[in-house]
Amino acid sequence: MKQFTHVALLVCILMSGIASAQTSEKNNDRKWWKEAVVYQIYPRSFKDSNGDGIGDLRGIISKLDYIKSLGVDVVWLNPIYSSPNDDNGYDVSDYRNIMSDFGTMADFDALLKGMHERGIKLVMDLVVNHSSDEHEWFVQSRSSRTSPYRNYYHWWDAEKGKPAPRYSLFDINHDAWKYDSLTNAYYLHYFSRKQPDLNWENPKLRQEIYDIMKFWAEKGIDGFRLDAFQFAAKDTNFPVFPAGYEKNFIQYYAMGEHLHDYLREMNAEVFSKYDVMSVAEGAGKSFQDAHDLVDADRKELNMAYAFDAVDIAKPEGYSLLHFKEVFSRWDSAFAQNGWLSIFLANHDQARMVSRFGNDTPAFRDLSSKMLATFIMTMRGTPYFYYGDELAMTNAGFERIEDYKDMPTLNEYQYQKNTGGDLKKFMEQVKFGCRDNGRTPFQWDATHNAGFSSGTPWIKINTNYKIINAQAQEKNPASTLNYFRSLVNVRKKNLTLVYGKYELLDKNNPSVYAYTREDESGKLLILLNFSKENALADIGMDVSKKTVLLSNYKERSRPGKRKNTVVLKPYEAKIYVLK
Ligand code: GLC
Ligand code: CA
């Protein structure tokens, strides 16, 4: 009997071992989307092919060889679906059509073909927390309380009184409920009035979305970026939130009760049937939330991106100690399971070099290269924003008239109406407005930076005669060519993708130093985030070690103290330790 118990126990242990070996994917299991370098294109600003001042798909097609030359594997395109463009495509009026400003479905098919011929994958933005108010679903939904589309959105009948307040990120009054006299009811919009929130509780709506996703997956796209999806699940009883909740609205809006049910369903319906990657904008409120989104065993998403790090940069500067602490914390939380995205900029942020580096002429290229080195040597999938490979800087327009971003214009109006400090507001806008990162790509020194023969939809950065791709192509030491080398280093060293990360010289306020290590090797990365020389105290002698890549030609000299290295301003060095 005793023996039987032992055997049974042993069988159980073995079985559970097998079971977990089958189901637990670890984060050093190889996947193409972990090894990929993602290049994000803001289509409106990349290249205009027909002189209307708006970048378009034909424009991107004409630059595919450039994209290929960067060595990147994946292109993520901001939304290109039909849209009245209240929020530059983040208000979709037809998910199965192409925005007329951007071209036609035939252009899209040609673009996808051109990418695939070059071995580049395409990730599309999926905006399904909300649609446009001009989407047929909403037109129907608002037409009558008995419309079969009524429950595609969140309505609150006015005879019940005013609904509990909800904060809108983009609304001119920050009120997320818009009264609609047509049916005497309010509809919910976390973003602008023209972006009504979809009701994910409705299984019919969910099925519609999965069908849309399949439509694009069948065309052969390679992934989806889920816009604002952490807000999709709501408590539709709309309880009253405590006073001041809007200062911390993510706590109340993100990761609603059924979110994971929806994601698992989406995974079963779509992701599991195609070789596509999936990435969520936003990673919830805690590590646990983030793990719940991306741990492979849960069969939801592949990765998410968190904002803790990009939120650090402020007009008055930021602390490198804080920056290191955030990235190290996230890395250790995901050391075993789950996968993250590494980025310092996207279309919702101002330019990387202006926020995290130094965009003055003396240091712009050096600090851009240093920041790119950081992104490309961390664990997680690197996301690189178009133009950062040239060290494009903030435009910093002085006048509100030069800004196009809807929430910025609304907020300006709101500040004006409520007697806010407009001067201070404009200072913040100059530094942080997302239009800073949306100005046209600077191709060359000709009229309009070679972006368009017409009048660009937003002003070109005045520095395009100095900062442009053509000039940098010719210069082997340019930021552009450094970026290419960096991508190459990343591709050749899987240690940079999967290897363990270890922070060195933790309390150094100027230097970010770390190693990446796996069975195949060990690399040391030294980054000086300051404009002065800085001493890295790394506890080892690297004077004889091979330098894999650096933004300075010369070797670094050791400091006076043993096992230290003197780094020049914004110096970046990758050493091979073994
Ligand atoms: C996401 C997008 C942003 C957009 C918003 C509403 O945050 O990245 O650009 O304005 O969602 O769709
Ligand atoms: Ca155009």
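The values are calculated or read from the model by the stated rules, or taken from the named source; none is laboratory data. Here the structure is a predicted model, which means the values were calculated and not measured. Here Cβ is always computed from backbone atoms with ideal geometry, including for glycine, and neighbour counts include all displayed protein chains. In case anyone asks, the SASA skips ligands and DNA or RNA and just uses the protein heavy atoms, side chains included. Shrake-Rupley method; radii C 1.70, N 1.55, O 1.52, S 1.80 Å.
For the range 260-287, the set of residues classified as more than 20 Å from the chain's Cα centre (by Cα) and either closer than 30 Å to S332 by Cα or exposed (fewer than 15 other Cβ atoms within 10 Å of the Cβ) (or both) consists of H260, D261, Y262, R264, E265, M266, N267, A268, S272, K273, D275, listed by residue number.
Being more than 23 Å from P79 (Cβ to Cβ) and either within 19 Å of the chain's Cα centre (by Cα) or not assigned by TED's automatic domain parsing to the domain that holds F343 (or both) is a description that does not apply to L422.
Residues that are touching a helix residue (DSSP H, G or I) at 6+ places or on another chain (Cβ under 7 Å), surrounded by 16 or more Cβ atoms within 10 Å (Cβ to Cβ) and over 24 Å from F356 (Cβ atoms) within the range 495-521 comprise E517, D518, listed in sequence order. Checked against (1) open to solvent by 20 Å² or more (accessible area, probe 1.4 Å); (2) within 16 Å of ligand 2 (Cβ to nearest atom); (3) in a loop (DSSP other than H, G, I, E, B), A106 meets all criteria but (3).
Look at the range 190-208: where a residue is touching a residue at least 24 places away in the same chain (Cβ under 8 Å) and a partner is assigned to a helix (DSSP H, G or I) and within 16 Å of ligand 1 (Cβ to nearest atom), sitting 6+ places away or on another chain with Cβ atoms under 6 Å, you get Y190/F231; P196/F138.
Every condition in (1) within 23 Å of R44 (Cα to Cα); (2) more than 18 Å from the chain's Cα centre (by Cα) holds for N337 except the one numbered (1). Of the residues F307, F249, F224, F241, the single one that is among the hydrophobic types (A, V, I, L, M, F, W, C), surrounded by fewer than 22 Cβ atoms within 10 Å (Cβ to Cβ) and either in contact with a strand residue (DSSP E or B) (Cβ under 8 Å, 6 or more places away or on another chain) or assigned to a helix (DSSP H, G or I) (or both) is F249. Scanning the range 40-55 for residues that are within 16 Å of ligand 1 (Cβ to nearest atom) and open to solvent by 10 Å² or more (accessible area, probe 1.4 Å) yields a count of 1.
Residues in the range 82-108 that are within 12 Å of ligand 1 (Cβ to nearest atom) and without any contact (Cβ under 8 Å) to a residue 24 or more places away in the chain: N85 only. Candidates in the range 187-216 are the residues that are within 15 Å of Y274 (Cα to Cα) and open to solvent by less than 10 Å² (accessible area, probe 1.4 Å); of these, the one that is nearest to ligand 2 (Cβ to nearest atom) is W216. Among the residues of the range 189-199, at least one is of a type outside the set (K, R), within 16 Å of ligand 1 (Cβ to nearest atom) and in contact with a Pro (Cβ under 6 Å, 6 or more places away or on another chain). I'd like the residue in the range 32-68 that is within 14 Å of ligand 2 (Cβ to nearest atom) and charged (D, E, K, R) and, out of all such residues, is farthest from R379 (Cα to Cα). Across the range 32-68, the extreme among qualifying residues is D52. Would you be able to say whether some residue in the range 58-77 is farther than 22 Å from Y403 by Cβ, within 16 Å of ligand 1 (Cβ to nearest atom) and in a helix (DSSP H, G or I)? No, every residue in the range 58-77 fails to be farther than 22 Å from Y403 by Cβ, within 16 Å of ligand 1 (Cβ to nearest atom) and in a helix (DSSP H, G or I).
Restricting the range 324-361 to residues that are buried (at least 20 other Cβ atoms within 10 Å of the Cβ) and in a helix (DSSP H, G or I) leaves a set whose member that is farthest from ligand 1 (Cβ to nearest atom) is K324.
I'd like to verify a number: residues in the range 530-545 that are assigned to a strand (DSSP E or B), aliphatic (A, V, I, L, M) and open to solvent by 30 Å² or more (accessible area, probe 1.4 Å), how many? Walk me through how you get there before you give the answer.
To start, the set of residues in the range 530-545 that are assigned to a strand (DSSP E or B) comprises 534-537.
Restricting the remaining residues to those that are aliphatic (A, V, I, L, M) gives 534-536.
Filter again for open to solvent by 30 Å² or more (accessible area, probe 1.4 Å), leaving 535.
Summing the residues that are assigned to a strand (DSSP E or B), aliphatic (A, V, I, L, M) and open to solvent by 30 Å² or more (accessible area, probe 1.4 Å) in the range 530-545 gives 1.
Taking the residues in the range 362-384 that are farther than 28 Å from S278 by Cβ and not aromatic (F, W, Y) as candidates, determine which candidate is surrounded by the fewest Cβ atoms within 10 Å (Cβ to Cβ). Per the criteria, the residue is A362.
The listed residues are L527, L548, L503, and the only one of them that is hydrophobic (A, V, I, L, M, F, W, C), over 30 Å from A471 (Cα atoms) and not in a loop (DSSP other than H, G, I, E, B) turns out to be L503. For the range 557-577, enumerate the residues that are closer than 22 Å to E517 by Cα and small (G, A, S). Listed by number, the list holds a single entry, A572. If the condition is being crowded, with 23+ Cβ neighbours inside 10 Å and either touching a helix residue (DSSP H, G or I) at 6+ places or on another chain (Cβ under 7 Å) or not in a loop (DSSP other than H, G, I, E, B) (or both), then the range 386-426 contributes D388, E389, L390, A391, T393, A395.
Residue by residue through the range 428-450, note down the ones that are aromatic (F, W, Y), within 16 Å of ligand 2 (Cβ to nearest atom) and within 19 Å of G396 (Cα to Cα). Within the range 428-450, just F441 meets the criteria.
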